[in-house]
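One structure is given below, encoded as structure tokens.
The values are calculated or read from the model by the stated rules, or taken from the named source; none is laboratory data. Note that the coordinates shown come from a computational prediction; the quantities given were computed from them, not determined experimentally. Backbone-built Cβ (ideal geometry, glycine too); neighbour counts: all protein chains shown.
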Amino acid sequence: MSPLYAAFAAGLLTMGYLIASLFFLRFWHRTGDTLFACFCAAFLLLAANQALPTLLDLKGDDQAGIYLLRLAAFGMIIIAVFAKNMPRGGSPR
């Protein structure tokens with residue numbers, strides 16, 4: 001794949017992640033649910049994960065640290081889903 005096509009694909013994916021983040025930001029603004037706020041932040045991290053290697057012109061092994069953003073995003077999603085599904089502090093029915 002040529003560098004131009006790779007940069008174009010990275011830009012498309014970054015834009016998609018940013019649009020998804022904006023949707024979750026709108027849902028969070030409407031509902032106030034922290035699950036949507038976590039999804040918004042996770043998609044922002046995924047957008048940064050996709051954009052930074054292209055913007056910083058990183059090749060191969062130089063990108064290893066960037067993948068920590070992806071790990072943080074998926075960890076944030078997992079924690080948010082578990083927190084949403086945990087029982088509240090009230091008495092069980």
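For the stretch 22-59, how many residues are more than 16 Å from the chain's Cα centre (by Cα) and either of a type in the set (A, V, I, L, M) or assigned to a helix (DSSP H, G or I) (or both)? So the count comes out to 7.
Considering only the stretch 62-76, I want to know if a residue exists there that is aliphatic (A, V, I, L, M), more than 27 Å from Pro3 (Cα to Cα) and exposed (fewer than 11 other Cβ atoms within 10 Å of the Cβ). No: the stretch 62-76 contains no residue that is aliphatic (A, V, I, L, M), more than 27 Å from Pro3 (Cα to Cα) and exposed (fewer than 11 other Cβ atoms within 10 Å of the Cβ). Exactly one residue among Gly65, Gly16, Gly89, Gly75 is without any contact (Cβ under 8 Å) to a residue 60 or more places away in the chain, out of contact with any Asp or Glu (no Cβ under 7 Å at 6 or more places or on another chain), on the phi < 0 side of the Ramachandran plot and outside any helix (DSSP H, G or I), and that residue is Gly89. Residues in the stretch 1-13 that are at pLDDT 90 or above and either of a type in the set (D, E, K, R) or not in a helix (DSSP H, G or I) (or both): none. Restrict the check to the stretch 46-57 and report whether at least one residue is under 30 Å from Ser2 (Cβ atoms), touching a helix residue (DSSP H, G or I) at 6+ places or on another chain (Cβ under 6 Å) and hydroxyl-bearing (Ser, Thr, Tyr). The answer is yes, given that some residue of the stretch 46-57 is under 30 Å from Ser2 (Cβ atoms), touching a helix residue (DSSP H, G or I) at 6+ places or on another chain (Cβ under 6 Å) and hydroxyl-bearing (Ser, Thr, Tyr).
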